[in-house]
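Written below as structure tokens is the structure these notes are about.
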Amino acid sequence: MSHAAPVYQPLLSDTARLLGNLGLVPFVLGAALVWLIDFKVHPEVHAFVTMALSAYAAVILSFLGGVHWGFGFRHSAPPASLFVWGVLPSLLAWVAVVMPAYAGLVVHGVMLLVCYAVDRRVYPIQGAAQWLTLRFRLSSVAALSCFLGAAGT
């Protein structure tokens, strides 16, 4: 009988759920404001709202990439793929921020979905599969918000 080391299983806490859901507020509010603020009447406010939504999406994508660095830090010999993937969302989000909002927000939305697809493969290997249900919900609402924001520009 072998005695394997216990696998690290982070708990899905109520605090994480609450903060994750609160993190959707800027996405949903931003998308709503893109549609509610008439860009012909208030072009500067509309531009500010679309930039704010895009910048927030970039911050979140950077955070999602950073999680992979955290996974890598737990290993004595981490796979390079964790670190390589960890920087890609940030780099693509940065490009999307400087694009016109109608295109950049689409890139953000697609990247949020791609990050979730990658995480569906990586999280179970890293012992974090229990986070995927929450990640799916958060990523779906965030991506939809970006797509709606793009459509409203």
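The values are calculated or read from the model by the stated rules, or taken from the named source; none is laboratory data. Small disclaimer: the values here were computed from a predicted structure and weren't measured. Cβ placement follows ideal geometry from the backbone for every residue including glycine, while neighbour counts extend to all protein chains displayed.
Answer yes or no as to whether L112 is in a helix (DSSP H, G or I) and buried (at least 21 other Cβ atoms within 10 Å of the Cβ). In short, yes.
Scanning segment 47-106 for residues that are part of a loop (DSSP other than H, G, I, E, B) and free of Cβ contacts under 8 Å to residues at least 40 places away in the same chain gives H75, S76, A77, P78, P79, M99.
Output the residue which, of all residues in segment 18-41 that are assigned to a loop (DSSP other than H, G, I, E, B) and touching a helix residue (DSSP H, G or I) at 6+ places or on another chain (Cβ under 9 Å), is nearest to P100 (Cα to Cα).
Kept after step one, since they are assigned to a loop (DSSP other than H, G, I, E, B), are these residues of segment 18-41: 23-24, 37-41.
Remaining after also requiring touching a helix residue (DSSP H, G or I) at 6+ places or on another chain (Cβ under 9 Å): 23-24, 37-40.
On the way: G23: 24, L24: 22, I37: 18, D38: 17, F39: 14, K40: 17 Å.
Of everything passing the filter in segment 18-41, F39 is nearest to P100 (Cα to Cα).
Tallying residues that are out of contact with any His (no Cβ under 8 Å at 6 or more places or on another chain), more than 13 Å from L88 (Cβ to Cβ) and not aromatic (F, W, Y) within segment 50-66 yields 7.
Quick one: would you say L138 is without any contact (Cβ under 8 Å) to a residue 40 or more places away in the chain and either under 24 Å from S13 (Cα atoms) or surrounded by fewer than 21 Cβ atoms within 10 Å (Cβ to Cβ) (or both)? Break it down into steps so the answer makes sense when it comes.
Values: without any contact (Cβ under 8 Å) to a residue 40 or more places away in the chain: no; either under 24 Å from S13 (Cα atoms) or surrounded by fewer than 21 Cβ atoms within 10 Å (Cβ to Cβ) (or both): yes.
No: the conditions fail for L138.
Return the total of residues in segment 122-153 being in a helix (DSSP H, G or I) and closer than 14 Å to V67 by Cα. Of the residues in segment 122-153, 8 are in a helix (DSSP H, G or I) and closer than 14 Å to V67 by Cα. Among the residues here, A93 qualifies as crowded, with 22+ Cβ neighbours inside 10 Å, closer than 18 Å to L24 by Cα, of a type in the set (A, V, I, L, M, F, W, C) and at pLDDT 95 or above. The set of residues from segment 53-64 being farther than 13 Å from L113 by Cα and either of a type in the set (V, I, T) or more than 8 Å from the chain's Cα centre (by Cα) (or both) comprises L53, S54, A55, Y56, V59. Only one entry of L82, L33 meets the criterion of being of a type in the set (A, V, I, L, M, F, W, C), surrounded by 15 or more Cβ atoms within 10 Å (Cβ to Cβ) and under 17 Å from I125 (Cα atoms), and that entry is L82. Can we say L88 is out of contact with any strand residue (DSSP E or B) (no Cβ under 8 Å at 6 or more places or on another chain) and buried (at least 17 other Cβ atoms within 10 Å of the Cβ)? No: the conditions fail for L88.
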